[in-house]
Amino acid sequence: MSFNIDYFRALETPRLAQLGPNIVAAAFPLMKLLPARFILDQAQKSGELKAGNHIIETTSGTFGMAMALLAAARSYRLTLVTAETLIDKPYKRRLELLGANVVVLEDEKGDGNQPGRLAYLKQAMEDEPGTFWTRQYDSPGNWLSYARLAELLVRSTGQIDWLVGCIGTGGSLCGTGTFLRQLYPHLKIAAVDTHRSVLFGQPVGKRMLRGLGNSVIPANVRHHLIDEVHWVGAYAAYHSAHVLLRNHGIFQGPTSGASALVGAWVACTHPDATVAVIMPDEGFRHADTVYNQEWLARLPGWPGEAIHEPETLSVIEPREEWEWTRYEWGRAPLNVEKQPSRG
């Protein structure tokens, strides 16, 4: 299959948008192409991945689309393992039209069934030796690929004092933050998570806001880099995505809305600091949901009031979907002694 490499480059290159006097956003069409392509390139160079091999990965969103595009372009067989709460039928059809085999598992708890997905993946690898697992959660290739984003931000913005971004696998925020902090040791990093994600000590549970958070802790989530954590509920993220479109003409998904919400607050709270925000993907996948007033009207409690500042917590605990909370993490490891008291 023939793909235009320039088109791929365009998808993985962010547009820089000035959201305020001291805040710039890197708005990606499809950010996950960066780590997906980097991981495949490195595996091909090492010989771990050979022509015609079978590739497998567990995915809840855009990494799957990135892999489907690359597998089609490079003639690999691809299996994507997901859960019924994570994927809608139109998106599944797009992946399948690209040639991906999409395995959808039940998700009775509504938490993404990551343990079940990983168990399926490992069994599939045993059944077909030689299958290549991209390991987006643990592969160092994930975070290393974001050297390009760090370089772009430095060249375009100069000094950066705060980096704000969503955290799921940990690749984009921790990778970009690692490279930026080598240049700017004073850099502070704010991680944008969501309620009932285990990444920073909340108990696992049903998550409405997808594309960030997790029910397992990937190796690429590097807790010692993080200064503060923000848990943004789905409703707050939806409101923020609408504001991005209405006030800036930026059409991004709700995870980008969550990042923009936190970034705007950080920029307002620290007016002398330069803030960079990572916004991972466009909003087309969410046109019939997040940007559909009829769909939104069916949500219990919608619209509620837009929130402009977080509640700072002393003890970590989950909240409702219209709430936004914050915790001063202080670059601590996850397994610090005070961890059991965190909710």
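Please work out if W265 is among the aromatic types (F, W, Y), on the phi < 0 side of the Ramachandran plot, at pLDDT 95 or above and under 14 Å from the mean Cα position of the chain (by Cα).
It is false that W265 is among the aromatic types (F, W, Y), on the phi < 0 side of the Ramachandran plot, at pLDDT 95 or above and under 14 Å from the mean Cα position of the chain (by Cα).
Within region 1-18, take every residue that is in contact with a strand residue (DSSP E or B) (Cβ under 8 Å, 6 or more places away or on another chain) and closer than 26 Å to R77 by Cβ and give me the one that is modelled with the highest pLDDT.
Across region 1-18, the extreme among qualifying residues is E12.
I'd like to verify a number: residues in region 99-117 that are part of a loop (DSSP other than H, G, I, E, B), within 12 Å of L78 (Cα to Cα) and open to solvent by less than 40 Å² (accessible area, probe 1.4 Å), how many?
Total satisfying the criteria: 1.
Would you confirm, using the coordinates I've provided, whether P129 is open to solvent by 30 Å² or more (accessible area, probe 1.4 Å), modelled with pLDDT under 90 and more than 29 Å from E12 (Cα to Cα)?
For P129, the condition - open to solvent by 30 Å² or more (accessible area, probe 1.4 Å), modelled with pLDDT under 90 and more than 29 Å from E12 (Cα to Cα) - is not met.
Could you list, ordered by first residue, the pairs with Cβ atoms under 9 Å in which the first is in region 61-76 and more than 21 Å from K89 (Cα to Cα) and the second is of a type in the set (S, T, N, Q), at least 6 apart or interchain?
Short answer, once both residue conditions are applied: A73/S2; R74/Q44; Y76/N53.
Tally the residues that are β-branched (V, I, T) and open to solvent by 10 Å² or more (accessible area, probe 1.4 Å), restricting the search to region 192-214.
Of the residues in region 192-214, 2 are β-branched (V, I, T) and open to solvent by 10 Å² or more (accessible area, probe 1.4 Å).
Tally the residues that are β-branched (V, I, T) and over 15 Å from the mean Cα position of the chain (by Cα), restricting the search to region 216-261.
Count: 3.
Among the residues of region 188-226, which ones are within 22 Å of L299 (Cβ to Cβ), touching a Cys at 6+ places or on another chain (Cβ under 8 Å) and of a type in the set (V, I, T)?
Within region 188-226, V192 is the sole residue that qualifies.
Residues that are in contact (Cβ under 8 Å) with a residue 40 or more places away in the chain and open to solvent by 20 Å² or more (accessible area, probe 1.4 Å): find the helices (runs of 4 or more DSSP H) completely inside region 216-333 holding 2 or more of those.
234-248, 254-269
Which number in (1) without any contact (Cβ under 8 Å) to a residue 60 or more places away in the chain; (2) aliphatic (A, V, I, L, M); (3) buried (at least 22 other Cβ atoms within 10 Å of the Cβ); (4) in a helix (DSSP H, G or I) marks the one condition that I189 misses?
Exception for I189: condition (4).
Given (1) at pLDDT below 95; (2) within 30 Å of G158 (Cβ to Cβ), where does P21 come up short, assuming only one miss?
Among (1) at pLDDT below 95; (2) within 30 Å of G158 (Cβ to Cβ), the lone unmet condition for P21 is (1).
At pLDDT 95 or above, more than 26 Å from D161 (Cβ to Cβ) and over 16 Å from the mean Cα position of the chain (by Cα): is that true of R181 in this structure?
Here the answer is no, as R181 does not meet what is asked.
Tell me, please, whether a residue that is at pLDDT below 95, small (G, A, S) and over 20 Å from N113 (Cβ atoms) can be found in region 157-165.
Yes, some residue in region 157-165 is at pLDDT below 95, small (G, A, S) and over 20 Å from N113 (Cβ atoms).
Tell me the residue from Y120, Y91 that is surrounded by fewer than 20 Cβ atoms within 10 Å (Cβ to Cβ) and more than 27 Å from Y7 (Cβ to Cβ), please.
That would be Y120, the only listed residue that is surrounded by fewer than 20 Cβ atoms within 10 Å (Cβ to Cβ) and more than 27 Å from Y7 (Cβ to Cβ).
Please enumerate the residues belonging to region 50-68 that are of a type in the set (A, V, I, L, M), modelled with pLDDT of 95 or more and more than 16 Å from the chain's Cα centre (by Cα).
I55, I56, A68
Among the listed residues A83, A36, A68, which satisfies the condition of being touching an Asp or Glu at 6+ places or on another chain (Cβ under 7 Å), open to solvent by less than 10 Å² (accessible area, probe 1.4 Å) and not basic (K, R)?
Every option except A83 fails the conditions.
The values are calculated or read from the model by the stated rules, or taken from the named source; none is laboratory data. Computed from a prediction, not measured in an experiment: that's the story for all the values here. Every residue, glycine among them, receives a Cβ derived from its backbone with ideal geometry; neighbour counts consider all protein chains shown. The accessibility values were calculated without ligands, DNA or RNA, using every heavy atom of the protein model including side chains. Shrake-Rupley method; radii C 1.70, N 1.55, O 1.52, S 1.80 Å.
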